Number of protein chains: 2
Amino acid sequence: MHFNRQDIANLESRRRASFVNSLSGFKSANLVGTADKDGNTNLAIMSSAVHLGSSPALLALVIRPGGEERHTLSNILATGQYSLNHVNTGIIESAHQSAARYERKVSEFAATKLTPHWLEGYQAPMVKEAHVKMMLELREHQTLNINATHLVIGEIVQVELPDGALADDGSVDMNVTETVALSGLDSYYQPQQIKKMAYAKPDRAPKNLLSE
Amino acid sequence: MHFNRQDIANLESRRRASFVNSLSGFKSANLVGTADKDGNTNLAIMSSAVHLGSSPALLALVIRPGGEERHTLSNILATGQYSLNHVNTGIIESAHQSAARYERKVSEFAATKLTPHWLEGYQAPMVKEAHVKMMLELREHQTLNINATHLVIGEIVQVELPDGALADDGSVDMNVTETVALSGLDSYYQPQQIKKMAYAKPDRAPKNLLSE
């Protein structure tokens, strides 16, 4: 099956969004928690978090112009802070519902029955029910010329994890945290680990470290 | 378990990379195929593809300064073209091995026993063994001020999929394509779909469309 540029452009818009959103492969599913200057909270599911570097620990978010995420962006720009919280198998329905286009005065926390979790000294709420919670501080914001999407770069300044969630190598064990993956716009997956590969070197054959 | 900014900075560098690389959640696993002006091929696994928009169909890649990905970047800048190919369950070892720091004259295709698949009129090879193959044309390149990583934005101009890989809504069915997800630097997962959620609206309860 083959699609060229014109075939993609010719797709009906909702179908095209479903198609193109699935082409990058599996995506992360995170709830982004923010508040405005008066403490009114907002929560939005996002699948665009991308690792930029680990020293300092930087993540980028791609935020569309307009759309359901506009309140999140204005809160981030107002307070300079936002939380990122992994969606887990137990909160998929609430997380997905946060994408509905609620009015500004409605908090998605209340609408989706998720609980704000505040850290002293920060103006953005984490999600109590998430097993992996992070606080970020805004470091850079730009609007991309090509299609007016926003690139929001933040530094991870606080991380909360369940006991037992760190693997031997220092990574987060997502089997323990029950983190889910997203494909397209609406399909939620529970990943099963099948391989853990040794560090790749030119003079060594690839090696799976998991006993199979 | 709690980590603040200083705790993260204090981690040994390899541990810190494993930790921070897993904080964004699950990542896509794609092989990026390129060639230089003389047709010498290169292949690199990347987990940083992120959806920017579907009309036109745009994807961004984050590429670290230096590192194993430097040949990929110079090829993209030289030819303006690159392929993106989903890693599937059958090619994990080869895909992971492409991250080894081979010398410039060594093609990772030969070193990892993957096969270049050429489309007429394009200077970048796809990966024959991949079930989802895309060709992209470079649209924008910038170096991020904050940590000198490269942001490479391309438009998807060709897509090849196996028959039967399109779901009813137009998305790619990753159960069919056997696409894998990555966590951290080296852990490969086979995701199992657990929910497909109806479009979220403020006045409607969240609804799972999969019969359970």
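Observations on the model:
- Rg and Dmax, both from the Cα atoms of segment A:100-162 and both in Å, are 14.5, 40.
- Cβ-defined net charge surrounding B:D36, 15 Å radius [Lys, Arg +1; Asp, Glu -1]: 0
- Once both labels are positioned 7 Å from their Cα atoms along Cα-to-Cβ, the gap between A:R15 and A:E140 label points is 3.9 nm.
- Förster radius 25 Å - calculated FRET efficiency between A:Q192 and B:D168, Cβ distance, rounded to 0.05: 0.50
- Debye equation applied to the C-alpha atoms of segment B:139-186, log10 I(q)/I(0) at 0.26 Å⁻¹: -0.95
- Each stretch of four or more DSSP H residues adds -39500 (n - 2.57); spread over every residue of chain B, this sum gives -5000 deg cm²/dmol at 222 nm.
- As a length-normalised measure over Cα pairs under 8 Å and 6 or more apart, the relative contact order of chain A settles at 22 percent.
- Residue-by-residue Karplus 3J(HN,Hα) for segment A:106-112, coefficients 6.51, -1.76, 1.60, Hz, glycine and proline x: 8, 7, 5, 4, 5, 5, 10
- For the protein assembly as shown, a simple Cβ point-charge model (Lys and Arg +1, Asp and Glu -1, everything else neutral) yields a dipole of about 360 debye relative to the Cα centre.
- Calculated log₁₀ intensity ratio I(q)/I(0) where the Debye formula runs over C-alpha points of segment A:32-73, q = 0.15, 0.33 Å⁻¹: -0.45, -1.10
- Each Lys or Arg adds one and each Asp or Glu subtracts one; over the other residues with Cβ under 10 Å from the Cβ of B:P206, this totals +3.
- Shape parameters for segment B:151-212, alpha-carbon atoms, Rg then Dmax in Å: 15.7, 42
- Compactness relative to 2.2 N^0.38 Å, alpha carbon Rg of segment B:35-119: 1.10
- Members of A:K128/A:K207; A:K37/A:K128; A:K201/B:K196 lying beyond 32 Å, as alpha-carbon distances in this model show: A:K128/A:K207; A:K201/B:K196
- Rounded Å value of the spacing that divides the Cα centres of segment A:39-84 and segment B:43-62: 18 Å
- Alpha carbon convex hull of segment A:104-212, volume per residue in cubic angstrom: 225 Å³
- Calculated P(r) tail over 30 Å for the protein assembly as shown, as whole % of Cα pairs: 38 percent
- The residues packed around A:T143, meaning those with a beta-carbon under 15 Å from its beta-carbon, carry a net charge of -1 if Lys and Arg are +1 and Asp and Glu are -1.
- C-alpha center-to-center spacing [segment A:146-212, segment A:89-124] in angstrom: 24 Å
- Normalised by 2.2 N^0.38 Å, where N counts its residues, the alpha-carbon radius of gyration of segment B:1-144 equals 1.12.
Each value in this text was obtained by applying a stated rule to the coordinates, not by laboratory testing. Just so you know, these numbers come straight off a predicted model, no measurement behind them. All Cβ positions, even for glycine, are placed from backbone atoms using ideal geometry, and neighbour counts span all protein chains on display.
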